[in-house]
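Nothing in this text is a laboratory measurement; each read-out follows from the coordinates by a stated rule. Only a predicted model underlies this, so the values are computations on that prediction, with no experimental measurement involved. FYI the Cβ positions are ideal-geometry reconstructions off the backbone, even for glycines, and counts take in every protein chain you see.
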Amino acid sequence: MGDGWKDDDLAELSALAQSAGALVVDKFQQKVRKINPSTYIGKGKAQMLCDRVQKYEANCVIFDNDLSPGQIRELETIIKAKVLDRSELILDIFASRAKTRQAMVQVELAQLEYTYPRLTRMWSHLDTVAGAGGGTAAGAVGGIGTRGTGEKQLEIDRRIVSKRITELKRDLEEIDKRRMREISSRKDLFKICLVGYTNAGKSTLMNALTDAGVYVEDLLFATLDTRTRKWKLAQGADVLLSDTVGFVRKLPHQLVASFKATLEEAVNADLLLHVIDVSAHDAQEQIESVNKVLGEIGCGEKPIIMLLNKSDAISKQGHLETLATIYPSAITISAKTGMGLTKVHDAVYDKFSGGSVVVRVRNHLGRGKVQSFLRANAIIISEEYVDSSVLIEARLGKSHLAKLRHLVPDHLEVVE
């Protein structure tokens, strides 16, 4: 269900449903001038939906909007089938994809934070338990100190959920600390992060650039966990490349908050590669959705290289030309065929070097740290050994110059 008029408006919802394992048998849209507080779409349209459910023997209806628990309950009564809204569907997909401890904790937290404020309308009974009257069986169960007005089921559920949320947040804090320690241990390396809409081809690109062997499937949110691999740009020019969870339009804010630890890779990156699926009819809207999430997590001002991916799968060449005109600095690629990846390599190396300089360093042979730094971060041009010292000439990225000056404050000369 949606409230727009375009034929393709529900294409993404259909893809999300298929990713969750559903078989889509029908879809329709309605332009809603005023949202019905009890059923969202109005009783007449709900009855029409019921007829379609019976016709196709469907057992679930998914709305491309967020519904209140009361609206879901009322719709299920009319339609005689399970009703899900967009956020619940996305949360369900994330839950089915979570494999690692970190991902499972993040997803459970997001689900509970989505559920907690909605508990008010989820219970229609609000019966009291353990304490309605001292002489009753229920009252006797409570024991001394529990008899009285009793406790509403809603209050019990809220307390349980609130306690679990606190536990999960504590777990995530520990996970976040460990990840921050991992990230800080890489502070001397140039960090690059792949970002983009879900199913834009980030994992395929990751594999093409680093032989990472990352799981790839034509599904929305095929992978949830961040993977980091070393990418050798040139001799002495190693960088770290990380893949991140894909973004999506109207991503539930609970997920953005819960996956903050995963998104730290993007927050702490020196460069972002924004992968765009140019074969998607709504590529421009996808770009805007990604930019919005990047802004929410504090990455809006980071250096970005835009990559127009899946150019081999595009049906309308004019669509690609339009995007290339809007984003003239973007690089057209195909992660699947390898087309354009050399340009990506060169563009990244240019950012990595920040414009390179040639340096001459005189270093005592006993100070191996300087030589190790140059071999890891520079292209060695020449080495000349004189007595107990070595004179090294190397091409170094400007971004590493400050670190080298710190290591060799007295015997460093910038040639060009």
Task: Over 25 Å (Cα to Cα) - which of Lys169/Lys191; Lys202/Lys230; Lys292/Lys336; Lys99/Lys302; Lys202/Lys351; Lys230/Lys292 fall in this group - done: Lys169/Lys191; Lys292/Lys336; Lys99/Lys302; Lys230/Lys292
Task: Low-density loop cleavage sites - GluC sites (Glu not before Pro) in region 16-78, where at most 14 other Cβ are within 10 Å (DSSP) - done: Glu57
- [ ] For region 292-342, calculate the relative contact order in percent as a whole number, restricting contacts to Cα pairs under 8 Å that are 6 or more residues apart.
- [x] 37 percent
Open item on the list: Please state the shape class of region 1-118: rounded when a/c is under 1.5, otherwise prolate if a/b exceeds b/c and oblate if not, all from the C-alpha gyration tensor.
Closed with: prolate
- [ ] Can you figure out the FRET efficiency of Glu57 with Glu173, using R₀ = 41 Å and their beta-carbon distance, to the nearest 0.05?
- [x] 0.30
- [ ] Let me know the shape class of region 260-372, please: from the alpha-carbon gyration tensor, a ≥ b ≥ c as square roots of the eigenvalues, rounded when a/c is under 1.5, otherwise prolate if a/b is greater than b/c, or oblate.
- [x] prolate
- [ ] Rank by packing, highest mean first: peptides 373-380, 319-326, with packing defined as the count of other Cβ atoms within 10 Å averaged across residues.
- [x] 373-380, 319-326
TODO: May I ask you to derive the relative contact order of region 354-414, considering only C-alpha pairs under 8 Å and at least 6 residues apart, and to give it as an integer percent?
DONE: 48 percent
TODO: Would you mind pulling out the separation of the Cα centroids of region 294-355 and region 46-105, in Å?
DONE: 36 Å
Task: Relative contact order (percent, whole number), region 1-119, Cα cutoff 8 Å, 6+ residue spacing - done: 25 percent
